[in-house]
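The values are calculated or read from the model by the stated rules, or taken from the named source; none is laboratory data. Since the structure is predicted, the reported quantities are computational estimates derived from the model, not experimental observations. Using ideal geometry, Cβ is built from the backbone for each residue, glycine included, and neighbour counts are taken over all protein chains shown.
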Ligand SMILES: NC(=O)c1ccc[n+]([C@@H]2O[C@H](COP(=O)([O-])OP(=O)(O)OC[C@H]3O[C@@H](n4cnc5c(N)ncnc54)[C@H](OP(=O)(O)O)[C@@H]3O)[C@@H](O)[C@H]2O)c1
């Protein structure tokens, strides 16, 4: 039995994960913790195998350290990890001899969208990303959009070199910039999580679109990560390898 704590248990994702874990025969949901609890103190007094964290970007590093330093593996859905953060997480993994899977997106459709975007990026030198989320999401752009742009930029150094967007009528209207890839964040009630990666070329454009219509779409990836994290070594960032795509 894999003993599991869910951090962020009162949140939208936390509640969905508790439900999913509770239906699995090889997993035991031990405890749900949230903003008013002390994760570090709880883990000092209670030994568990895996902590699943869906909280807030501000607490991402503090939570990872509390999990690893108290002898548990971590499956992290919380977004906001920078390259420097990932380096630090790797160090903690080797220091505490525990493993971490950080999934910028646990939905298999998104994993494939990112994979296809990386392939297309070899052949298209112009691309933009539009991500759409519910209006309660605090951070922008989404971790998935950043991860998609990172994967695409492994195929070429700079995108959109010939775009003539020099005159701004409203600052910021062209979105954020990751190595020339413009990233646009839409926040509206009624939406869950959606992303378009649009590639342009003379006389054609290609749109790769993924729509998450409910939070259940993340659960197969979260459950798979809980089982995988026990047997992997160190940090796994993204689920491509787990799905055999890297
Ligand atoms: N990787 C993925 O596939 C994926 C998918 C969906 C969402 N996400 C990410 O997952 C995170 C949570 O999303 P959500 O939609 O579930 O948000 P949410 O509904 O706001 O839930 C977050 C919960 O965590 C609590 N919390 C805040 N700081 C905490 C701390 N230090 N320790 C413990 N609990 C804390 C919040 O309490 P308060 O409200 O009192 O602050 C809230 O109950 C976000 O970063 C989101 O971007 C990732």
Out of curiosity, is residue 192 within 30 Å of residue 74 (Cα to Cα) and crowded, with 18+ Cβ neighbours inside 10 Å? no
Consider residue 165 carefully, then state whether it is in a loop (DSSP other than H, G, I, E, B), in contact with a helix residue (DSSP H, G or I) (Cβ under 7 Å, 6 or more places away or on another chain) and either in the same structural domain as residue 180 (by TED's automatic domain parsing) or at pLDDT below 95 (or both). no
Filter the range 191-212 down to residues that are over 17 Å from the mean Cα position of the chain (by Cα), in a loop (DSSP other than H, G, I, E, B) and at negative phi and give me whichever is nearest to the ligand (Cβ to nearest atom). 191
Out of (1) in contact with a helix residue (DSSP H, G or I) (Cβ under 7 Å, 6 or more places away or on another chain); (2) assigned by TED's automatic domain parsing to the domain that holds residue 79, the odd one out for residue 224 is which? (1)
Within the range 11-19, identify whether any single residue is buried (at least 16 other Cβ atoms within 10 Å of the Cβ), over 19 Å from residue 220 (Cβ atoms) and within 23 Å of the chain's Cα centre (by Cα), and answer yes or no. yes
Is there a residue being assigned by TED's automatic domain parsing to the domain that holds residue 121, over 26 Å from residue 139 (Cα atoms) and either in contact with a strand residue (DSSP E or B) (Cβ under 7 Å, 6 or more places away or on another chain) or modelled with pLDDT of 95 or more (or both) anywhere in the range 170-184? no
Of everything in the range 65-114, what is in contact with a helix residue (DSSP H, G or I) (Cβ under 8 Å, 6 or more places away or on another chain), part of a helix (DSSP H, G or I) and closer than 22 Å to residue 244 by Cβ? Give them in sequence order. 108, 109, 110, 111, 113, 114
Name the single residue that is surrounded by the most Cβ atoms within 10 Å (Cβ to Cβ) among those in the range 116-147 being at pLDDT 95 or above and in a helix (DSSP H, G or I). 145
Could you go through the range 65-75 and let me know if any residue there is away from the ligand (no atom under 15 Å from the Cβ) and surrounded by fewer than 19 Cβ atoms within 10 Å (Cβ to Cβ). yes
